[in-house]
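Here the structure is laid out as structure tokens; the discussion comes afterwards.
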Amino acid sequence: MKSKRRKSFEKEVLSHLDRLYGYAMHLCKNSEDASDLIQDTYLNALKSEKQYSLGTNAGAWLFTIMRNTFLNEIRRNERKPIGMAGEWIEQMVREDVSELHKHGPDPSVKCLDNLLKEDITRAIANLPEEFKDSIVLCDVQGFSYTDIASILDIPIGTVRSRIHRGRLILRHLLSDWKNVAMGES
Amino acid sequence: MTCEDAHLHMHDYISGELAPEHRENLMDHIDGCPDCREFFRQTEHIQQTMRDYMQYKAPFELQNTISSLLTNA
């Protein structure tokens, strides 16, 4: 016979399955690995069940477990995380912000109104890894800065900065591609 | 509020993190500054589009696997 606590635990963690799957797809890039990661995440969550207080923040707790599980898997396979930001990205962001501050956005850039799913997918894929995680957790998964800091194990100020910069890089990538597609550059 | 301050606050607003005491000043600035208003609209639009397009539903088979895993643990 299951305890009331156990039933509540199962209900709480199961309610985050779709969100976890979305983040697993973002991390793994394919459904097979994403499904494996989800199963490992739930197994690890069961092992750590006693550390979770019912009715608190199952989402952030599970996302933290999933990210740690993913990183451990990478270390085990001796793969390196890909896409660390190069100097050129930092430079691009600096120029972009400076341009915005000097002139504001170009009001004629209407191309950003007609974004397709593939535009968004490609832009996120091209974001450097450290910006990508914060952007996906905030803009797609809807986590607070505090939760993201806990999931990624970084200070809140860093989360905030990465989200601001990440959005500028996304905007820059999207407007460049859309302008090229429209023959404007 | 300067345009630079507005840009910083705008991102926090879009993230749902801007403190209530800054919201009115930000909205006043956006109302009076066409460049910031357009930047705000575009940034908000990109975020909303991203949220709409990037939602996933776990496959049925995976839902069953996880349900069984929890039930039998």
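The values are calculated or read from the model by the stated rules, or taken from the named source; none is laboratory data. The structure presented is a predicted model; accordingly, all values stated were derived computationally and were not measured. Because the Cβ atoms are built from the backbone with ideal geometry, glycine has one as well, and the counts that use them run over all protein chains shown.
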Would you check if residue A:139 is in a helix (DSSP H, G or I), under 23 Å from residue B:39 (Cα atoms) and at pLDDT below 90?
no
Search result, residues across the stretch B:52-73 that are surrounded by 11 or more Cβ atoms within 10 Å (Cβ to Cβ), hydroxyl-bearing (Ser, Thr, Tyr) and assigned to a helix (DSSP H, G or I)
B:53, B:65, B:67
Got a number for residues in the stretch A:12-27 being more than 9 Å from chain B (Cβ to nearest Cβ) and either loosely packed, with under 15 Cβ neighbours inside 10 Å or at pLDDT 90 or above (or both)?
3
Counting only residues that are at pLDDT below 85 and of a type in the set (Asp, Glu), how many does the stretch A:37-88 have?
2
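Within the stretch B:15-51, restricting attention to residues that are in a loop (DSSP other than H, G, I, E, B) and surrounded by 14 or more Cβ atoms within 10 Å (Cβ to Cβ), which residue is farthest from the other protein chains (Cβ to nearest Cβ)?
Within the stretch B:15-51, the subset in a loop (DSSP other than H, G, I, E, B) is B:15-19, B:33.
Narrowing further to those that are surrounded by 14 or more Cβ atoms within 10 Å (Cβ to Cβ): B:15, B:17-18, B:33.
Values: B:15: 6, B:17: 5, B:18: 11, B:33: 8 Å.
Checked the stretch B:15-51; the qualifying residue farthest from the other protein chains (Cβ to nearest Cβ) is B:18.
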Residue under question is residue B:55, and the condition is that it be at the interface with another protein chain (Cβ under 9 Å from one of its Cβ atoms) and modelled with pLDDT under 90; does it hold?
yes
